[in-house]
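The values are calculated or read from the model by the stated rules, or taken from the named source; none is laboratory data. As the structure is a computational prediction, the values presented were derived from the model and not from experiment. Don't worry about glycine lacking a Cβ; one is built from the backbone with ideal geometry, like all the others, and counts go over all protein chains shown.
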Amino acid sequence: MKLDYKRTALVGLAFMTISAFWQLYNNEVPLMLENLIGNNQFVINIIMSLDNILALFLLPFFGALSDRTHTRLGKRMPYIVAGISAAVVFMLLMPFSYLKGSFAGFFIAVGGLLLAMSFYRSPAVALMPDVTPKPLRSKGNAVVNLMGAVGMIFIQAITILLGGESNYTILFLVAAAFMLVSMAVMLVTVNENKLVAEMPHEEETEEEKLIRTNKGVKLRGSVLKSLLLLLTAVFLWYMAYSAIETNYTRYAQSIWGLSDGQYSKPMLVSSIVALGSFVPLGMLSMKMGRKKTILVSLALLLLTAVGIFFIRHDTVWLYILCSLLGVSWAAINVNSYPMVVEMSRGADVGKYTGLYYTFSMAAQIATPLITGFLFDVFSDSAGFLLLFPYAAFFLLAAFVVVIFVRHGDSVSSQKGAAETAEVKTAQA
């Protein structure tokens, strides 16, 4: 059984638009808010957490809703098309309101944009496991994340080229065009219903029949424990990484003295290195196992966070450490989502995708508020210096939790196949 890389890459175009958007949003919106409402980091981070508050409720809802959707475009594609189309409209309203100095208009545009992104995020992510056999999902997720890295690199590159905050209108216009072109390519090349129909047939168990007839099943025993531990770990490592992601541009300006779009350079290097590592990481996880790969990556990410703490200016060591950050985070993302959906059934992949995002978004709600409060309590420079020790604490906690996860690992080996059988019998 081999992965169809071209098909998976085309399916990953939806995730590429998501990654491109969030790169733009996390880079520029905090700076735009500073100019609109002043240097109140706590309030800025409250606004930055609104997307996660909405996602906490909407991602599971739209993920489960898409499970029950059946159209000529498929289950997931209608949400992708409608979500991207609406997102582009509100995205173009943001720089218009900003340049007019209208905080109310800007806030309304942000609200509409976040609703649109929540509408299609879970369906877009669930599309890959819908059309990929379970043993190949780590590889498939690697390809999808590679596409996400392409989107991030594109945004970082045009930010540097256009000068970031000095040319917002063109920056947002180019990003919107990028999303629309990606959607158009998907519409032409991805026939969701056909791809689902071509999936290899697997013998249906009694539990799977219950799901198909909407009677539902419940996890129990060690499988439920593993799922809860894994979701807890997801929460913890997103507490760490989202703190870095949300506060990165202001940290780069305050501590490293990078401005005028130059703050994107270290993370551009990080994304390029991640881009080259996704497929090898997917292959590595099939040999090494998802759990071991995540543990090694968490340890490396922890050491990287500690190392970056000691960087005080733009230096080659900054780019080396950001490269390690990119590889480590890529490995975690390649393996964590497949581990969650490994404990699901084909009929409820969207629901489990929403569950995964519920825990990640809960962290992304909490961590901007906590870090914003810390930055305001201390002076700007002293407060920002707490960022990477803060991240290191949660990475260490996540490492400890993952040690106790027993299910959801790779199923390419005989051991993995036996584990899958155990998962099936443990669901009732």
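Among the residues in the stretch 184-203, are any in contact with a Lys or Arg (Cβ under 9 Å, 6 or more places away or on another chain), part of a loop (DSSP other than H, G, I, E, B), at pLDDT 90 or above and not hydroxyl-bearing (Ser, Thr, Tyr)? Taking every residue of the stretch 184-203 in turn, at least one turns out to be in contact with a Lys or Arg (Cβ under 9 Å, 6 or more places away or on another chain), part of a loop (DSSP other than H, G, I, E, B), at pLDDT 90 or above and not hydroxyl-bearing (Ser, Thr, Tyr). Picking from residues in the stretch 133-174 that are among the small types (Gly, Ala, Ser) and under 18 Å from the mean Cα position of the chain (by Cα), the one that is farthest from GLY289 (Cα to Cα) is GLY151. Within the stretch 117-164, the residues that satisfy the criterion of being hydrophobic (A, V, I, L, M, F, W, C), part of a helix (DSSP H, G or I), within 22 Å of VAL196 (Cβ to Cβ) and at pLDDT 85 or above are PHE119, ALA124, VAL125, ALA126, LEU127, MET128, VAL143, VAL144, MET147. The helices (runs of 4 or more DSSP H) falling completely within the stretch 334-407 that include 3 or more residues that are at pLDDT below 85 map to 349-377, 380-384. Taking first residues from the stretch 263-290 that are within 29 Å of HIS313 (Cα to Cα) and partners that are of a type in the set (A, V, I, L, M) and not in a helix (DSSP H, G or I), the Cβ contacts under 9 Å between residues at least 6 apart in sequence or on separate chains come to SER264/LEU258; LYS265/LEU258; PRO266/LEU258. Only residues that are buried (at least 21 other Cβ atoms within 10 Å of the Cβ) and not in a helix (DSSP H, G or I) were counted in the stretch 219-268, giving 2. Scanning the stretch 281-295 for residues that are assigned to a helix (DSSP H, G or I) and more than 14 Å from GLY326 (Cα to Cα) yields GLY282, MET283, LEU284, SER285, MET286, LYS287, MET288, ARG290, LYS291, LYS292, THR293, LEU295. In the stretch 296-314, of all residues being outside any helix (DSSP H, G or I) and closer than 22 Å to PHE393 by Cβ, the one that is modelled with the lowest pLDDT corresponds to ARG312.
For the stretch 35-63, filtered to residues that are modelled with pLDDT of 85 or more and surrounded by fewer than 20 Cβ atoms within 10 Å (Cβ to Cβ), the residue that is farthest from LEU369 (Cα to Cα) is PHE61. Condition test on TYR319, is it touching a residue at least 40 places away in the same chain (Cβ under 8 Å) and surrounded by fewer than 21 Cβ atoms within 10 Å (Cβ to Cβ)? Taking the combined requirement at face value, the residue satisfies it. Scanning the stretch 1-58 for residues that are out of contact with any helix residue (DSSP H, G or I) (no Cβ under 6 Å at 6 or more places or on another chain), closer than 30 Å to THR189 by Cα and in a loop (DSSP other than H, G, I, E, B) gives MET1, LYS2, ASP4.
Here ALA331 fulfils each of the conditions (1) crowded, with 24+ Cβ neighbours inside 10 Å; (2) within 30 Å of ARG68 (Cα to Cα); (3) aliphatic (A, V, I, L, M) apart from (2).
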